[in-house]
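The structure appears below as structure tokens.
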Amino acid sequence: MILTGSEIAAELAAGRIVIDPFTPELVNPNSVNYRLGSSLRVHRSRVIDPLTDHPTEEIVIPKEGIVLRPGRVYLGTTVERIGSGRYVPSLIGRSSLGRLGVFLQVSADLGNLGAVHRWTLELVVVQPIRLYAGMVVGQVSFWMPTGPIDAYQGHFGNFSTAVTPPPRLLVA
């Protein structure tokens, strides 16, 4: 079951969802828009070995924006810290940008219960396009899980605040 925009806002007010900073104007019928952070990372090497370290170079997005080029994967972050101990967040890109050839969250769109952080965004473009820090690039929806809920104990819990759900809570 997906939460409606008004239910997301109500659950945020009740402290069961975190979107920080929260801007009420960004609420949609069943999601909330998120914005692109102020920097991007790109892999230094043209050949990546997923079994080894893959260092990245940070690029600060200037006020006039940055032109992304095809053939690279850019890693950005959300401006907002997003998460929940009760609902599963899912991030997607905006369809208006997709129609221009900007693809976000190509493989990692599903969040973990209990993790609250600025999301790493995977950005791939099919043609040169200018993006700006702080622009709306996607939307997050929240889903009600069924079955036992275990708190997130993974890697990203070390980067920001974790919201721990009640242990082994059974959600009907």
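The values are calculated or read from the model by the stated rules, or taken from the named source; none is laboratory data. A quick note: this is a predicted structure, and the numbers were derived from the prediction, not measured. Every residue, glycine as well, gets a Cβ built from its backbone with ideal geometry; the counts of neighbours run over all protein chains shown.
Tabulated data
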{"quantity": "Members of region 115-148 found to be part of a loop (DSSP other than H, G, I, E, B), in contact with a Lys or Arg (Cβ under 9 Å, 6 or more places away or on another chain) and closer than 16 Å to Y87 by Cα, listed by number", "calculated": "M144, P145"}
{"quantity": "All positions within region 1-40 that are over 30 Å from E58 (Cα atoms) and among the charged types (D, E, K, R)", "calculated": "E7, E11, R16, E25"}
{"quantity": "Subset of region 119-139 [buried (at least 19 other Cβ atoms within 10 Å of the Cβ), under 23 Å from V27 (Cβ atoms) and not small (G, A, S)]", "calculated": "W119, L121, L131, V137, Q139"}
{"quantity": "Some residue of region 147-162 being aromatic (F, W, Y), over 30 Å from I66 (Cβ atoms) and at pLDDT 85 or above", "calculated": "no"}
{"quantity": "Pair list, Cβ < 7 Å and 6+ apart or interchain, from region 122-141 residues that are over 27 Å from V18 (Cα atoms) and in contact (Cβ under 8 Å) with a residue 60 or more places away in the chain to residues that are β-branched (V, I, T) and part of a strand (DSSP E or B)", "calculated": "P128/V67; I129/V67; I129/V102; R130/I66; R130/V67"}
{"quantity": "Pick from region 93-120, criterion β-branched (V, I, T) and at pLDDT below 95, ranking: nearest to the chain's Cα centre (by Cα)", "calculated": "T120"}
